[in-house]
Ligand SMILES: [Ca+2]
Ligand SMILES: [Ca+2]
Ligand SMILES: [Ca+2]
């Protein structure tokens with residue numbers, strides 16, 4: 001019973017944290033501290049406070065989430081994934097970082113503060129990504145970009161171990177176009193050539209309640225439990241950064 005209750009309270013804390021983050025992000029996007037007015041009933045997205053517009057072919061926004069305050073200036077920041085962006089290589093994918101506060105109206109992601117490019121053909125970088133809270137408890141929120149390395153179309157024989165790129169937030173902002181492999185603080189690679197590691201990444205809030213946020217990385221084609229049984233990895237945050 002004790003274990004069950006503990007798990008329940010942790011789950012409630014996790015839900016509370018996620019709700020608070022999403023609400024604060026929504027309020028800042030709306031540019032109002034008093035509260036955004038989201039209409040009841042059916043209405044057009046054309047009435048949104050901000051529209052972030054992708055670049056041709058990238059399919060920006062395949063996955064959305066709260067990013068956190070990456071530069072510690074008190075404003076929530078925005079990450080947008082474009083999983084089939086081909087600027088670096090066909091379907092290498094990319095992630096845009098836009099630091100808040102956002103002005104209203106349209107934001108062209110081609111003008112984002114930073115664009116992080118997948119490394120290889122078919123990396124599908126940022127098919128999944130997550131703001132993961134403060135992994136090292138330094139006051140700056142951190143984020144992770146997944147690049148599952150799914151088999152590119154018509155190229156099923158390519159290795160696809162997948163990876164999760166960890167970025168620690170800092171006062172100095174990310175800027176310009178960068179390669180994920182060079183810009184990330186750490187790259188976590190799948191165990192085998194076909195694991196699709198990083199297809200999903202997420203915050204685990206603080207699983208072990210040590211004050212450091214923790215991280216979840218999936219590998220749905222991992223075969224440690226039998227053929228493509230899949231696996232999920234938990235990584236505990238700490239003052240010693242992943243590298
Ligand atoms: Ca910020
Ligand atoms: Ca941090
Ligand atoms: Ca922890």
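For the range 220-234, does any single residue satisfy the condition of being closer than 18 Å to residue 125 by Cβ and either more than 16 Å from ligand 1 (Cβ to nearest atom) or surrounded by fewer than 20 Cβ atoms within 10 Å (Cβ to Cβ) (or both)? Checked against the condition, which is being closer than 18 Å to residue 125 by Cβ and either more than 16 Å from ligand 1 (Cβ to nearest atom) or surrounded by fewer than 20 Cβ atoms within 10 Å (Cβ to Cβ) (or both), the range 220-234 yields at least one hit. Looking only at residues of the range 164-193 that are buried (at least 20 other Cβ atoms within 10 Å of the Cβ) and farther than 24 Å from residue 112 by Cβ, we find that the one that is nearest to ligand 1 (Cβ to nearest atom) is 188. Within the range 202-217, the residues that satisfy the criterion of being outside any loop (DSSP other than H, G, I, E, B) and within 16 Å of ligand 2 (Cβ to nearest atom) are 203, 215. Reported count of residues in the range 180-189, each being under 19 Å from residue 89 (Cβ atoms) and touching a strand residue (DSSP E or B) at 6+ places or on another chain (Cβ under 7 Å), is 6. Considering 139, 110, the condition of being outside any loop (DSSP other than H, G, I, E, B) and surrounded by fewer than 19 Cβ atoms within 10 Å (Cβ to Cβ) is satisfied by 110 alone. Within the range 183-200, being away from ligand 2 (no atom under 16 Å from the Cβ) and in a strand (DSSP E or B) holds for 187, 188, 189, 197.
All of the numbers you see were taken from the coordinates with simple rules; none came from a lab. Treat the numbers as computed from the prediction; the structure is a model and nothing was measured. Because the Cβ atoms are built from the backbone with ideal geometry, glycine has one as well, and the counts that use them run over all protein chains shown.
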